[in-house]
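J.: Handing you a structure now.
The values are calculated or read from the model by the stated rules, or taken from the named source; none is laboratory data. Please read these numbers as outputs of a predicted model, since none were measured by experiment. Glycine also receives a Cβ, built like all others from the backbone with ideal geometry; neighbour counts cover every protein chain displayed. Surface areas here come from the heavy atoms of the whole protein model, side chains and all, with no ligands, DNA or RNA. Shrake-Rupley method; radii C 1.70, N 1.55, O 1.52, S 1.80 Å.
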Amino acid sequence: MLRGRVLRVCIRGVQSSWIEVLSGVPHGSVLGPILFLIYINDLDFGIKNWILKFADDTKNFSRINNSLDSEQLQSDMRQLIRWSEEHWQMLFNVNKCKVMHIAKQNQQRQYFMHDQCLEVVCQEKDLGILISNSDVKLEFFSKSKLESKKSIKTQNLFFIVS
């Protein structure tokens, strides 16, 4: 929770009244995004599966072949919650956290944060791209395999959408 932050909107010289900001990432500065990434740099310590971080957006994902894989992903989510509570008091908005199952034989397991079952979605807009579990095929590669494939050698690319 943010403390001591206020904001107002100014449109064509007309200003709103100040209101207190309780959560979110401060925007509008050059150093803000960089400082935030430094702030959350240790978020992935102890996480066993893949994790992607972009500004205040985090994705934790894995290929699930059995119940052990599913439990490891759930364990990662518990670790993320612990990190947010114990280290930085920057809580995840569980209502914005979602699960997307991608595969025809997926067992549709449930995942939880703070004992709340996460919403399962079939499509989600992510950074301006609409992703649908019926339209994409994800191929996971090990980091070493990624480094050897010149055609997909892109920073922070951990899966291929085809």
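J.: What figure in square angstrom, to the nearest 10, would you give for the accessible area of residue 77 with a 1.4 Å probe?
T.: Rounded to the nearest 10, the figure is 20 Å².
J.: Evaluate the distance, in nm, between pseudo-label points positioned 7 Å from the Cα of residue 81 and of residue 49 along their respective Cα→Cβ axes.
T.: 1.5
J.: Taking loop as defined by DSSP and a crowding limit of 16 other beta carbons within 10 Å, which trypsin sites (Lys or Arg not before Pro) in the stretch 35-94 fit?
T.: Details: sites: 48, 53, 59, 63, 78, 82; in loops: 48, 63.
Of the trypsin sites (Lys or Arg not before Pro), the ones in loops of the stretch 35-94 whose Cβ has at most 16 other Cβ atoms within 10 Å are 48, 63.
J.: Additional query: Got a sec? What order do 87, 101 fall in by accessible area at 1.4 Å, biggest, i.e. largest, first? Show your work: numbers first, answer last.
T.: On the way: 87 100, 101 15 Å².
Final ranking, largest accessible area leading: 87, 101.
J.: In the full protein assembly as shown, how much of residue 19 is accessible to a 1.4 Å probe, in Å² to the nearest 10?
T.: Answer for residue 19: close to 90 Å² accessible.
J.: Moving to a separate point now. Roughly how many Å² of residue 85 are accessible to a 1.4 Å probe, to the nearest 10?
T.: 80
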